[in-house]
Amino acid sequence: MTEKMFDYDNLGFKAGLEIHAQLSTEKKLFCHCPAILTNEKPQAIVQRKFRPVLGEMGVYDPALLIEFKKDHTIFYEVFDSVCIYELDETPPLPINDEALYDSIKLAKMMNCKIVEETNICRKNYLDGSVPCGFQRTVLIGYDGYVTFKKDPSMIEEKKLPISWIYIEEDAARRDNDRTKGKNIFFKLDRLGIPLIEIVTDHSLSSPSEVVSAAKTLGMLIKSSGIVRKGLGKVRQDVNVSISEGERIELKGIQLLQLIPIAIDIEIQRQLGLISIQKELQRRNIQPQDIPLQIFDVTKVFSDTSSDIIKSAFKRKKRVLMLPIAGFQGLLSRELQPNKRFGTELSDRVKSFTNLKGIIHSDEDLLKYNFSEREIYELSKECQKKAFIIVIGKKEEAQRALSFVHERLLAAFNGVHQETRHVDDNGISTFTRDLHGRSRLYPDTDLPPIVIDSNRVIKMEKNLPENFMARIKRLNKQYSISNELAESLIYEEKADIFEELIEKGAPIKAVVTTLTQTLTAISREGVDINNITEAHLLKIFEALVLNKFAKEAIPDILTNLGKDPTKSLTDIVNHFGGEMSQEELNTIILEVLKTSQELVKKRGMDAFSPLMGLVMKKARGKIDGKIVSEELRKHLKKQV
Amino acid sequence: MTEIEHLIQNKTPQGIVLTHGTDTMAFTAAALSFSITNPPFPIVITGSQRSSDRPSSDAFFNLYNSVLYAASPQAKKEVVVVMHEKSSDTSCTIHRGTRVRKMHSSRRDTFKSIGGSPLGRITEGKIIYEMEEENLPIKAKLKNKPVHITKNFEEKVGLIYHYPGIQPGILDYCIEAGFKGIVLVGTGLGHVSFNLIPTIEKAIENEMIIVMTTQCLHGFTALSVYESGRRLQKAGVIHAFNILPEIAYIKLAYLLGNYREKEKVKELMKQNLKGEITIREKYQEFH
Ligand SMILES: [Zn+2]
């Protein structure tokens, strides 16, 4: 585990998890389309505009209005694998029975209570990723728990309460290659694939607990046999808070190892925001000291040499300024590695408008090629206060500054509740405000679902092997460590592991291949996705038949990964073909001949380097043990 | 029918072609589809829109292609309608017997498969299948079972087209006359005026089975979406996805003629027995 960065108890650290996993059903949740992703070219493109709708209270949902003002046009790519349901052209068909009862099975594995009758609900989706504007989601279970080890290296266990389990439709996937400016493209293939959502409570009290709980949930889900395999198919979001801060939802963390890093960075960010709050108090600045007073400072740049401003002027854009008293030096406070408070404001503008961001007074304005005179004029314009500048069409720039203003006011309260997306380095970016849990409202297109309690009882008696039991069994049956058993299960390799051993493959070679070789060749740039379980079965079958020596496995896998169209038999033959004793002797004699000097100088000590030379030529075609015996014999003769 | 039964029992032909007037051809196609389960050979129905006493008649081309199909080892063993695809004498369409409808009073290409691709087409003597995989199998579990024929159809079944201003008395008549089932052809997703609903409730209380279909022909009925539909559903009206009104009428008459239990009839009405329900409605298949 990583070194402890903070005193988590003292900070009042709390965290919870939200896990999403795609179910491996054949069909989608509310139509009969196959639940598959495709690389096909779209057969048609459908264009749509989204409009805000009045909510239950008779007012527009503010988030919908923000989305509407971006003026996006949404394009949907239609494939052979989708029907008109995905296009929001027909009501849903009755829920996929397999998906429904598979998720109940998982809920049972997490000791949940199962709902007797459940309503299909709608959850608004504003970005166009669900064509009808809402995702259909169904509550399945509640009040469950899983037991996990507080720390992977400790025996002490803890119960993590499971608050809710839902089954819902996956959203469409954004096509970033086609998306440009205000035209947003989505592929419809993923839309409607059944997705299970597991929400835990908020009681995890350290990053290592979060990792351990996430790993446990991951193992449990993956060993249930109902979810799709593969990296990224199980996605985990982490909710993090500290006493003085707020609950922040961190999304998009793919790897377990990234969890503690992302958490520590988030704590650091929250502490930074709290220190800004305290500094404002110290400076005696109040919210009313920063009114939303926007100045048009376009004329300051009338003969500017700044390229960004010049090109903006060509598109009739203006420069607007918001003076902000008392924020001097705070905008450049670093909250995350290389991300300042100013970056947070900028991210918000990027998220809520089509503008590229902001410029602020804590920045080195010379880097934008502003002249000394322009900088002087700006500071005169706002009476030497700190300021934010936005470049854009008047109305949009004004909106951008009002979002900035809103966020600045929130700074007086420290941390602002939001959802953030985490990158591969653990650094997060604002995605949207968090107003509690997204509001669910009933879907009237389908009647409530009555759960068949007899079927649930039957299923309960027939749950898949508990992963804890499996770890113990793997440990006993194959004499492998618990840690190894755990990682085989978490990485979804336990099934193929057992299958290979059953076929007679040597445990050691299988373990090395699954846990080291594949990762190692992947690091060298080989696409290991090309290597299927069927390939592994064939390779080890050949190994059992002594078609080649185990030393050749990395080479065989590398070749296969580089070009999956090659015949596996050819590859195996190339590296195999069993070298005869005679051939080996010829190689040994050749090597000894070219290494006369070495043999003379070091005698029997020359064995290791010579062994290396012989193995280079004989690798994979004959057992290393035989090579070593023969080489020793020949060498003895010569010294 | 007796003749077809005789041919089936003796298993002599490789396929049969039935010539038929076009006005009720779709009804016959559906009736044969439901009454013959697992036919041992293809049953092709064909006809003409231009009478055969004129040189331009489409009768020959349709008959030629029907025979060609019926005799082909490639042909599917189910009831189909083979008729002109276009106005030209260049190709015929093969329609599944439970999805076909006459759509023009006079044109040669009057028959269309509604709600999806037709089974296929015949052009220059070649059979090309077009229906998507998932719509193809007619109840896979029926495969390998022996042929089964039933000629029972309930006569007291009605088909009522709904219109604004419809009088509930129409239904009252059916109740008094002892009708066993009614297929309603509703508007949109399967709606009727509210003033009809009490009579529908009464009919169902009188053991009548009421099935909802749509006048739109294309698309599914969905009774949960709007208030009128929800009240119908609550009253016990059955909706059978996107089955065509006339096909629903034939299916209901077939089911009532062969199953005593009302619940069984209702359940089978919702099941896709002979390809009468489209599994997946594709984007490009509505013109
Ligand atoms: Zn679909």
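For the reader, a short list of remarks on this structure follows.
- Cross-link reach list, lysines versus A:Lys180, counting only Cα pairs under 23 Å and skipping chain neighbours closer than eight places: A:Lys41, A:Lys49, A:Lys69, A:Lys70, A:Lys310, A:Lys314, A:Lys316, A:Lys317, A:Lys350, A:Lys356, A:Lys393, A:Lys394
- Using a cutoff of 8 angstrom between alpha carbon atoms and counting only pairs six or more residues apart, the relative contact order for chain A works out to 13 percent.
- When restricted to Cα atoms, the stretch A:581-638 yields an Rg and a Dmax of 10.3, 30 Å, respectively.
- Using the Cβ-Cβ distance between B:Ser106 and B:Lys126 with R0 set to 35 Å, the FRET efficiency from 1/(1 + (r/R0)^6) comes to roughly 0.75.
- Legend: distances between Cα atoms for A:Lys150/A:Lys458; A:Lys105/B:Lys145; A:Lys472/A:Lys493; pairs beyond 26 Å are A:Lys150/A:Lys458; A:Lys105/B:Lys145.
- For the stretch A:523-622, applying the loop criterion from DSSP together with a ceiling of 10 other beta carbons within 10 Å to the chymotrypsin sites (Phe, Trp or Tyr not before Pro) yields no site.
- Here the stretch B:153-238 is treated with +1 on each Lys and Arg Cβ and -1 on each Asp and Glu Cβ, and its dipole about the Cα centre works out to around 240 debye.
- Rg over Rh [alpha-carbon atoms, Kirkwood Rh] for the stretch A:149-300: 1.10
- Only one residue of B:Leu171, B:Ile247, B:Gly158 has its Cα farthest out toward the positive end of the dipole of chain B, where Lys and Arg carry +1 and Asp and Glu -1 on Cβ, and that residue is B:Ile247.
- Environment charge of A:Ile162, counting only residues whose C-beta is closer than 9 Å and scoring Lys/Arg +1, Asp/Glu -1: -2
- Exceedance of the 29 Å cut-off in Cα-Cα distance is limited, within the set A:Lys229/A:Lys251; A:Lys547/A:Lys617; A:Lys601/A:Lys625; A:Lys4/A:Lys123, to A:Lys4/A:Lys123.
- Listed by chain and number, the aspartates and glutamates whose C-alpha is less than 13 Å from the C-alpha of B:Lys112, apart from same-chain residues fewer than 8 away, are B:Glu85, B:Glu285.
- The convex hull defined by the C-alpha atoms of the stretch A:179-248 has an orientation-averaged projected area of 7.7 nm².
- Candidate residues B:Ile175, B:Ile114: accessible-area rank, largest first, probe 1.4 Å: B:Ile175, B:Ile114
- When peptides B:260-272, A:508-520, A:201-213 are sorted by average Cβ neighbour count within 10 Å, with the highest value leading, the order is A:201-213, A:508-520, B:260-272.
- Solvent-accessible heavy-atom area per residue, rounded to whole Å², over chain A at 1.4 Å: 48
- Only helices enter the 222 nm calculation for chain A: every DSSP H run of n ≥ 4 contributes -39,500 (n - 2.57), and dividing by all residues gives -11500 deg cm²/dmol, rounded to 500.
- With eigenvalues of the C-alpha gyration tensor scaled by 5 and rooted, the stretch A:1-113, Å: 34, 27, 18
- Charges were assigned to the Cβ only: +1 to each Lys and Arg, -1 to each Asp and Glu. The resulting dipole of chain B about its Cα centre is roughly 500 debye.
- Short to long, the 10 Å bins of the Cα pair-distance histogram for the stretch B:2-145 hold 12, 45, 34, 8, 0 percent of all pairs.
- When all protein chains stay in place and ligands, DNA and RNA are ignored, the 1.4 Å accessible-area order of A:Arg333, A:Arg602, A:Arg228, largest first, is A:Arg602, A:Arg333, A:Arg228.
- Other residues with beta-carbon under 13 Å from the beta-carbon of A:Arg51 carry, at +1 per Lys or Arg and -1 per Asp or Glu, a net charge of +1.
- Label-reachable residues, the stretch B:171-191, where backbone N falls under 12 Å from a point 7 Å from B:Glu207's Cα toward its Cβ: B:178-181
- Across A:Lys27/A:Lys108; A:Lys27/B:Lys274; A:Lys182/A:Lys384, pairs whose alpha-carbon gap is larger than 28 Å: A:Lys182/A:Lys384
- All lysines inside 18 Å of B:Lys270 as judged from Cα atoms, apart from same-chain residues fewer than 8 positions distant: B:Lys139, B:Lys141, B:Lys180, B:Lys234, B:Lys251, B:Lys262
- Separation of the stretch B:217-287 and the stretch A:224-253, taken as the distance between their Cα centroids, equals 43 angstrom.
- The fraction of Cα-Cα pairs per 5 angstrom bin, counted from 0 for the stretch A:254-315, comes to 4, 12, 11, 10, 8, 8, 14, 18, 11, 4, 1 percent, rounded to whole percents.
- Globularity index of the stretch A:289-407 is 0.98 (Cα radius of gyration / 2.2 N^0.38 Å, N = number of residues).
- Size of charge dipole - the stretch B:2-145 - debye, nearest 20, with Cβ of Lys, Arg +1 and Asp, Glu -1, no other charges: 280
- Per-selection metrics, the protein assembly as shown (Cα): Rg and Dmax in Å: 36.0, 117
- Computed E for A:Ser351/B:Tyr173 - FRET, C-beta separation, R0 56 angstrom, nearest 0.05: 0.30
- Computed Kirkwood radius, in angstrom, where 1/r is averaged over Cα pairs of chain B: 19.7
- Normalised by 2.2 N^0.38 Å, where N counts its residues, the alpha-carbon radius of gyration of the stretch A:422-510 equals 1.81.
- Scaled to the globular estimate 2.2 N^0.38 Å, the Cα spread of the stretch A:497-639, given as radius of gyration, is 1.19.
- Total accessible area lost when A and B pair, probe 1.4 Å, Å² to nearest 100: 1400
- Cα-based convex hull volume of the stretch B:157-269 per residue, rounded to whole Å³: 85
The values are calculated or read from the model by the stated rules, or taken from the named source; none is laboratory data. A quick note: this is a predicted structure, and the numbers were derived from the prediction, not measured. A quick note on method: Cβ atoms are made from the backbone with ideal geometry, for glycine too, and the neighbour counts reach across all protein chains shown. Protein only, heavy atoms only, side chains kept; ligands, DNA and RNA dropped before computing areas. Shrake-Rupley method; radii C 1.70, N 1.55, O 1.52, S 1.80 Å.
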